Amino acid sequence: MEQQILELIEEEVSRRVGLQLREALQLVSTTYEIPLDRLIKDTSNVQPKFCKGVLKSKQRCLKKPKCNGYCGFHQSQVPLNCPKPVERVQAPWEM
């Protein structure tokens, strides 16, 4: 039960940080005339991790990424030249 409460708190904190990041990116986009979708993709490595997808409303998707940094719904936005993720093989000395 305690673990579930902690997970819910972490999810809510992550969601709120994502909303603040979304507002900041929108402000930068309009102030400096930079396309919002470009900013979203360029900041996709900022913690917490969110989908690199852009909603129809031109806002950042706040779902957790699954494959190639996109949630299941935004897989159609994955660039065609995007390399497929490579699984890391654990070295014998790391076992």
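The values are calculated or read from the model by the stated rules, or taken from the named source; none is laboratory data. It should be emphasised that the depicted structure is a prediction, and the values quoted were computed from it without experimental measurement. Here the Cβ positions follow ideal geometry from the backbone for every residue, glycine too, while neighbour counts run over all protein chains shown.
What is the residue count in the range 22-35 for residues that are free of Cβ contacts under 8 Å to residues at least 24 places away in the same chain and either surrounded by 17 or more Cβ atoms within 10 Å (Cβ to Cβ) or in a helix (DSSP H, G or I) (or both)?
Selection size over the range 22-35: 8.
Of the numbered criteria (1) assigned to a helix (DSSP H, G or I); (2) surrounded by fewer than 16 Cβ atoms within 10 Å (Cβ to Cβ), the one Lys56 fails is (1). Counting the residues of the range 38-95 that are modelled with pLDDT of 80 or more and not basic (Lys, Arg) gives 27.
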